[in-house]
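J.: Sharing a structure below in structure tokens format, with a few things to ask.
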Amino acid sequence: MVDDDAPRKKTAHEIGQDLSLLSVEELEARIALLRREIARLEEAAAHKRASLAAASAFFKR
């Protein structure tokens with residue numbers, strides 16, 4: 001069951017949204033947020049590549 005009256009969590013950033021109403025500080029905060037997210041995604045991809053390489057090496061024996 002979904003509570004429609006519950007406050008919704010504000011999205012920190014939505015791709016493609018209008019940026020004209022944001023201050024320089026808000027834009028810089030979003031840039032920092034997105035850079036942290038990119039680093040997190042790159043780390044997850046590296047872990048997955050390492051897992052695939054390990055599995056591939058194991059099964060090639």
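Just so it is clear, none of the values below were taken in a lab; they were calculated from the coordinates. For clarity, every value in this text was computed on a predicted model and none was experimentally measured. Cβ atoms come from the backbone with ideal geometry, glycine included; neighbour counts cover every protein chain shown.
J.: For a Förster distance of 30 Å, can you work out the FRET efficiency between the beta-carbons of residue 53 and residue 19, rounded to the nearest 0.05?
T.: E(calc), rounded to 0.05, equals 0.15.
J.: Determine the shape class of the chain: with a ≥ b ≥ c the square roots of the Cα gyration tensor eigenvalues, call it rounded for a/c under 1.5, and otherwise prolate if a/b is greater than b/c, oblate otherwise.
T.: oblate
J.: Only four residue types carry charge here, +1 at the Cβ of Lys and Arg and -1 at the Cβ of Asp and Glu. Report the dipole size of the chain about the Cα centre in Debye, rounded to the nearest 20. It would help to have the intermediate numbers written out before the result.
T.: Working: 11 positive and 11 negative charges, 160 e Å.
Computed about the Cα centre, the dipole is about 780 debye.
J.: Mind checking which of 29, 41, 12 is farthest towards the positive end of the chain's charge dipole, using Cβ charges of +1 (Lys, Arg) and -1 (Asp, Glu) about the Cα centre?
T.: 41
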